[in-house]
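Accompanying notes for the structure given below.
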Amino acid sequence: MSNIRNSFSLMIIDSATAHYRTDFLGRGELAARQNHLGKHLRTLARLADEVSQLTPHVAHSLSIA
């Protein structure tokens with residue numbers, strides 16, 4: 001992840017867990033889902049450490065008036 005500041009200026013993650021809910025169904029796949037999701041979260045944590053300007057924003061729903 002060297003020189004990551006020059007790679008991008010904005011990262012938007014939309015619905016990080018939605019695909020995991022559809023790809024890993026049932027309790028039998030819960031451990032695999034958590035393991036896979038954990039890997040991605042660790043990658044994001046490393047990015048946050050290197051860039052150090054990561055801000056979490058959460059929106060439940062958006063509507064256009």
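Any residue that is in a helix (DSSP H, G or I), touching a Ser or Thr at 6+ places or on another chain (Cβ under 9 Å), modelled with pLDDT of 75 or more and hydrophobic (A, V, I, L, M, F, W, C) - is there at least one of those in the stretch 25-38?
Within the stretch 25-38, one or more residues are in a helix (DSSP H, G or I), touching a Ser or Thr at 6+ places or on another chain (Cβ under 9 Å), modelled with pLDDT of 75 or more and hydrophobic (A, V, I, L, M, F, W, C).
Could you check the stretch 20-32 and list, in sequence order, the residues that are within 28 Å of LEU10 (Cβ to Cβ) and either surrounded by 13 or more Cβ atoms within 10 Å (Cβ to Cβ) or of a type in the set (A, V, I, L, M, F, W, C) (or both)?
Of everything in the stretch 20-32, just one residue is within 28 Å of LEU10 (Cβ to Cβ) and either surrounded by 13 or more Cβ atoms within 10 Å (Cβ to Cβ) or of a type in the set (A, V, I, L, M, F, W, C) (or both), namely TYR20.
The values are calculated or read from the model by the stated rules, or taken from the named source; none is laboratory data. Quantities reported herein were computed from a predicted structural model and do not represent experimental measurements. Note: ideal-geometry Cβ built from the backbone for every residue, glycine included; neighbour counts use all protein chains shown.
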